[in-house]
Amino acid sequence: MNKLTKITCLGALNTGMVMGTALPVFAFNRPTDLLSLQQYTTPQGTASFGQGDAAITIYPNGMQTLIGKSFNVYKLFNAENAAGMESINYTFNPKYAPALKDVVGKRLNKAADTVTEYEVIDYIQTLNTHQTEGAQTEQTLEGSYSDYRYFIEELRNKMVELGLSADIVTVSEVKSDGSFTISGLDYGYYVVDEITDNAGTYQACSLIMVNTANPNASINIKSDYPELIKKILEDDNNVGWNDMADYEIGQTVPYKFESNIPNMNGYDSYFYAWHDKMDDCLTFNPDSVKITITDGTKTYTVPTSEFTVNTSAANETFEISITDIKEIVDREFDHMNSDHENVYGQTVTLEYNATLNDKAAAKTGRSGFENTVRLEFSNDADGDGKGETGYTPWDTVVCFTFKTNVSKVNNHGKELADAKFRLYSDADCQNEIYVKKAADGYIVINRDSLGGNDHTGGSEPSEAVEMVSDAKGLFTIFGLDSGSYYLKETDSPAGYRELEDPIEITITADYVSDRNSYLPGDGATDKALVSLSATAHVKEFLNLAWSQKDQDLQTNAADGSVNITVINTVQNKLPVTGSSATLGLIGIGTLLTAAAAKKSRKKNG
């Protein structure tokens with residue numbers, strides 16, 4: 001089978017690390033003899049080879065786990081210390097001499113079988129840009145782009161070509177600090193080659209490291225990968241960016257991704273892409289995409305020419321990709337050292353908008369409208385400098401919308417048809433919240449969709465209508481946000497007096513206290529939207545006096561409904577004067593007069 005591997009190289013083990021760089025990916029047919037090598041795990045964080053007193057301890061990058069990683073361990077040279085530790089002598093491990101002679105011979109323009117042990121060791125010494133004497137002197141790391149790195153790449157390639165075997169260590173457990181140790185080693189110059197298949201995982205391959213073990217070496221893995229956090233903006237009650245929000249239909253829903261630039265030293269290029277999947281009740285706006293990179297002092301806005309928005313990716317709403325974010329960071333945040341290594345850790349922010357569309361009318365309340373994202377990133381600096389790619393875990397946020405069921409009756413419970421209403425965002429009824437007719441009610445048209453800003457500005461849509469109660473006195477408004485609305489009766493049913501003042505309806509969505517811990521599917525439970533409540537303030541002029549009252553409305557978080565009954569009071573007739581007998585005589589006289597006039601017309605005719 002073809003297997004992609006990468007190498008981590010440890011020199012003759014000492015108390016300090018000589019270098020830590022990245023090696024390329026090579027595709028090769030795994031030699032059959034590798035299947036019979038000694039294999040080790042790391043119970044309690046240690047794999048013991050049982051050969052000598054030396055040890056290699058490998059530390060993770062920050063909190064990034066080493067569990068599950070696998071390594072080939074090669075000893076290229078034996079190492080012998082002088083009695084006073086003032087010098088160290090290396091000699092071939094015969095097993096790897098053919099590969100060493102071949103690679104060095106090509107660089108010295110000599111046939112491999114004529115290259116001596118001294119020539120190999122002395123040539124490798126010429127690649128050391130940080131010369132130090134002695135057996136236990138700490139050395140400075142060689143750079144990620146050093147000649148030594150490329151020499152080790154070539155050497156590893158030759159060892160693979162020749163099918164040279166190694167011991168295999170798979171990290172099953174780590175110590176409390178996240179490290180693991182390879183103990184029981186002879187003094188020597190070791191290569192540790194990570195063979196973990198990290199393609200598609202939330203991992204990154206370790207970069208090349210070199211040291212001399214006599215007796216111990218400590219090595220920090222340089223593998224690094226970005227982390228991603230997604231947020232939605234809640235525009236109510238100064239909540240701000242979090243994992244949960246509610247919006248009106250037609251309203252702009254802002255989203256934000258925050259991630260970091262990992263240690264990209266050792267990579268020639270670095271792929272960086274966001275993959276997003278959103279509920280079909282949300283409509284993505286490609287023109288709203290904005291990407292910025294900042295180091296806290298400088299902020300760079302990535303132009304559209306440096307990223308691609310793909311809305312035709314399979315099973316995704318969109319993919320936004322930067323082919324080589326390393327090129328951008330190295331150009332805009334240039335802090336290169338003498339080894340041509342940059343300083344990374346910048347923050348990347350991607351912002352975009354979606355619109356809550358009309359489909360949301362059928363899904364008010366739980367389970368909400370989820371939007372989930374993951375980041376794809378280069379995770380192996382070997383080969384072409386990009387290697388395979390990995391993915392962060394999906395991160396999900398959710399938004400909700402609600403509806404109000406209106407029942408129009410008189411104060412005796414009679415259902416009233418043909419009452420007309422409009423909805424406003426202010427008590428003075430200056431800013432109308434437009435609605436359009438739907439099959440089973442009315443759908444809100446937020447002014448964000450009309451060129452305005454939420455509840456102000458924009459042009460009145462041609463499909464805007466008044467709301468009218470049906471034969472049963474009912475109508476429903478779909479797509480409401482948390483907050484206050486003003487329902488104004490504009491025309492009462494025949495024979496009834498309109499309510500002079502609008503009814504203030506306040507909708508309150510109660511979410512969990514930790515609004516930054518949303519998990520997929522929580523929107524269908526009370527782990528996100530805990531409850532829904534609403535109140536109504538009604539003001540009415542009756543019997544020469546104003547009557548005001550507040551009432552709690554019936555709600556249902558499951559379907560996101562608020563129920564309100566709007567009452568028109570039955571009016572009495574105005575008073576009259578005279579007696580009932582007089583009225584009767586007047587009526588008879590009128591009838592007689594009409595009959596006489598009719599008879600006269602016939603006679604004259």
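The values are calculated or read from the model by the stated rules, or taken from the named source; none is laboratory data. The model shown is predicted, which means the values in this text are computed figures rather than measured ones. Cβ coordinates were reconstructed from backbone atoms using ideal geometry, including for glycine residues, and neighbour counts include every protein chain displayed.
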Query - Some residue of segment 36-47 being under 21 Å from N157 (Cα atoms) and of a type outside the set (V, I, T) - result: yes
Query raised in the report: Considering only segment 218-262, how many residues are under 22 Å from L450 (Cβ atoms) and polar (S, T, N, Q)?
Result: 2
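Out of the residues in segment 284-305 that are among the charged types (D, E, K, R) and closer than 22 Å to A354 by Cα, which is surrounded by the fewest Cβ atoms within 10 Å (Cβ to Cβ)?
Going through the qualifying residues, I end up with D287.
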Query raised in the report: What pairs can you find where one residue is in segment 363-387 and more than 30 Å from I249 (Cα to Cα) and aromatic (F, W, Y), the other is at pLDDT 95 or above and buried (at least 22 other Cβ atoms within 10 Å of the Cβ), and their Cβ atoms are less than 6 Å apart, with a gap of 6+ or different chains?
Result: F377/Y272
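Report, by residue number, each residue of segment 396-420 that is within 41 Å of the chain's Cα centre (by Cα) and either surrounded by 22 or more Cβ atoms within 10 Å (Cβ to Cβ) or over 23 Å from D522 (Cα atoms) (or both).
Going residue by residue through segment 396-420, those that are within 41 Å of the chain's Cα centre (by Cα) are 396-406.
V397, V398, C399, F400, T401, F402, K403, T404, N405, V406 - these are the residues of segment 396-420 that are within 41 Å of the chain's Cα centre (by Cα) and either surrounded by 22 or more Cβ atoms within 10 Å (Cβ to Cβ) or over 23 Å from D522 (Cα atoms) (or both).
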Query raised in the report: Which condition number does I261 fail, the rest of (1) at pLDDT 95 or above; (2) farther than 19 Å from Q64 by Cα; (3) surrounded by 21 or more Cβ atoms within 10 Å (Cβ to Cβ) being met?
Result: (2)
Query - Which numbered condition S288 fails, given (1) closer than 30 Å to A360 by Cα; (2) of a type in the set (G, A, S); (3) assigned to a loop (DSSP other than H, G, I, E, B) - result: (3)
Query raised in the report: Is it the case that segment 427-436 has a residue that's among the hydroxyl-bearing types (S, T, Y), free of Cβ contacts under 8 Å to residues at least 60 places away in the same chain and crowded, with 17+ Cβ neighbours inside 10 Å?
Result: yes
Query raised in the report: Can we say K326 is surrounded by 21 or more Cβ atoms within 10 Å (Cβ to Cβ), basic (K, R) and outside the structural domain of E460 (by TED's automatic domain parsing)?
Result: yes
Requested in this report: Enumerate the pairs (first residue in segment 331-343 and in a loop (DSSP other than H, G, I, E, B); second residue anywhere and among the charged types (D, E, K, R)) with beta-carbon separation below 6 Å, excluding pairs fewer than 6 apart on the same chain, so at least 6 apart or on different chains.
Outcome: F333/D295; N342/D330
Requested in this report: Within segment 252-260, identify whether any single residue is among the β-branched types (V, I, T) and outside any helix (DSSP H, G or I), and answer yes or no.
Outcome: yes
Report task. Could you tell me whether any residue of segment 130-143 is in the same structural domain as D197 (by TED's automatic domain parsing), touching an Asp or Glu at 6+ places or on another chain (Cβ under 7 Å) and under 30 Å from P226 (Cα atoms)? Result -> yes
Report summary line: Condition set in contact (Cβ under 8 Å) with a residue 24 or more places away in the chain and not aromatic (F, W, Y), scope segment 537-551, selection farthest from A427 (Cα to Cα): answer is L542
Report summary line: Of the residues in segment 149-174, those that are under 17 Å from A217 (Cβ atoms) and in a helix (DSSP H, G or I) come to I152
Query raised in the report: Between residues in segment 87-107 that are free of Cβ contacts under 8 Å to residues at least 60 places away in the same chain and residues that are of a type in the set (S, T, N, Q), which pairs lie under 7 Å by C-beta distance while being six or more apart or on different chains?
Result: T91/N78
Report task. Please go through segment 332-349 and pick out each residue that is under 21 Å from N379 (Cα atoms) and either at pLDDT 95 or above or not assigned by TED's automatic domain parsing to the domain that holds T252 (or both). Result -> N342, V343, Y344, G345, Q346, T347, V348, T349
Report summary line: Residue pairs qualifying under the 8 Å Cβ cut-off, at least six apart or on distinct chains, with the first in segment 552-567 being hydroxyl-bearing (S, T, Y) and the second being outside any strand (DSSP E or B) and surrounded by 17 or more Cβ atoms within 10 Å (Cβ to Cβ), are S561/T364; S561/G365
Query raised in the report: Does T490 count as under 30 Å from F257 (Cα atoms), modelled with pLDDT of 95 or more and either crowded, with 20+ Cβ neighbours inside 10 Å or not assigned by TED's automatic domain parsing to the domain that holds T252 (or both)?
Result: no
Requested in this report: Specify the residue that is nearest to the chain's Cα centre (by Cα); the eligible residues are those in segment 189-208 that are assigned to a loop (DSSP other than H, G, I, E, B) and at pLDDT 75 or above.
Outcome: D197
Report task. Being of a type in the set (S, T, N, Q) and surrounded by fewer than 21 Cβ atoms within 10 Å (Cβ to Cβ) is the filter; apply it to segment 265-283 and report the residue that is nearest to S378 (Cα to Cα). Result -> S269
Report summary line: Here the residues within segment 541-575 that are closer than 30 Å to A362 by Cβ and among the β-branched types (V, I, T) are T555, V562, I564, T565, V566, I567
Query raised in the report: From the set of residues in segment 66-94 that are loosely packed, with under 13 Cβ neighbours inside 10 Å and of a type outside the set (D, E, K, R), which is nearest to the chain's Cα centre (by Cα)?
Result: G68
Report summary line: Of all strands (runs of 3 or more DSSP E) fully inside segment 1-116, the set with 3 or more residues that are under 17 Å from L162 (Cα atoms) and either of a type in the set (S, T, N, Q) or at pLDDT 85 or above (or both) is 70-81
